[in-house]
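Structure first, commentary second.
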Ligand SMILES: [Zn+2]
């Protein structure tokens, strides 16, 4: 039995479970996916006042008082941000990418694969993909099916090393 996680669209590479939930599974290591580029939204952008971000991060327990700059931190193998770096009144604060997304809202920061820069007291955030990115990419699976891949091929692509069997017996 596997934990068959899925998400809207991966933005080009699915995510390792370990990067999101802190535990790794052999069939959830992340695979490249070029089939979800027709997803809506595939690319997204947000312009959010720093003051608003500061309030939301503080509400989530991060030391964001006096927020004046936000920059991308280290990325993981899938291209998503492990960390977002804040410049605050008290210095530099690293916020986990997943924590930043949760604090600002999953439908606002649609994935942790984004660029961020500050212009005129607003953060400009441009990202790719929608969802945590772990497991099956729904838009990718849809396009693969349209291109003639079978459901078995699609499942074994997004959950590598697994096989589909009937556990009820016949
Ligand atoms: Zn995809």
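Some notes on this structure:
- Within the stretch 9-26, tally of residues that are part of a loop (DSSP other than H, G, I, E, B) and either near the ligand (Cβ under 9 Å from one of its atoms) or without any contact (Cβ under 8 Å) to a residue 12 or more places away in the chain (or both): 7
- Of all residues in the stretch 33-63, those that are surrounded by 14 or more Cβ atoms within 10 Å (Cβ to Cβ) and more than 21 Å from residue 107 (Cβ to Cβ) total 3.
- Picking from residues in the stretch 97-130 that are surrounded by fewer than 23 Cβ atoms within 10 Å (Cβ to Cβ) and at positive phi, the one that is nearest to the ligand (Cβ to nearest atom) is 105.
- Some residue of the stretch 133-144 being more than 12 Å from the ligand (Cβ to nearest atom), out of contact with any helix residue (DSSP H, G or I) (no Cβ under 6 Å at 6 or more places or on another chain), outside any strand (DSSP E or B) and assigned by TED's automatic domain parsing to the domain that holds residue 35: no
- Odd one out for residue 39, checked against (1) in contact with a helix residue (DSSP H, G or I) (Cβ under 6 Å, 6 or more places away or on another chain); (2) modelled with pLDDT of 95 or more: (2)
- One residue from 93, 84 being touching a strand residue (DSSP E or B) at 6+ places or on another chain (Cβ under 6 Å), in a strand (DSSP E or B) and crowded, with 20+ Cβ neighbours inside 10 Å: 84
- From the list 56, 29, the one residue that fits, being in contact (Cβ under 8 Å) with a residue 40 or more places away in the chain and under 22 Å from residue 139 (Cα atoms), is 29.
- Residue selected from the stretch 41-61 under the condition in a loop (DSSP other than H, G, I, E, B) and within 19 Å of residue 115 (Cα to Cα), by the criterion farthest from the ligand (Cβ to nearest atom): 41
- Cβ-Cβ contacts under 6 Å between residues 6 or more apart (or on different chains), taken from a first residue in the stretch 148-161 that is surrounded by 15 or more Cβ atoms within 10 Å (Cβ to Cβ) to a second residue that is at pLDDT 95 or above and outside any loop (DSSP other than H, G, I, E, B), are listed as 154/141; 154/144; 158/136.
- Comparison of 30, 79 shows that the only residue that is under 29 Å from residue 144 (Cβ atoms), within 16 Å of the ligand (Cβ to nearest atom) and not assigned by TED's automatic domain parsing to the domain that holds residue 145 is 79.
The values are calculated or read from the model by the stated rules, or taken from the named source; none is laboratory data. Remember, predicted model here, so these are calculated numbers, not experimental data. Counting neighbours? That spans all protein chains shown, and the Cβs are built from the backbone with ideal geometry, glycine included.
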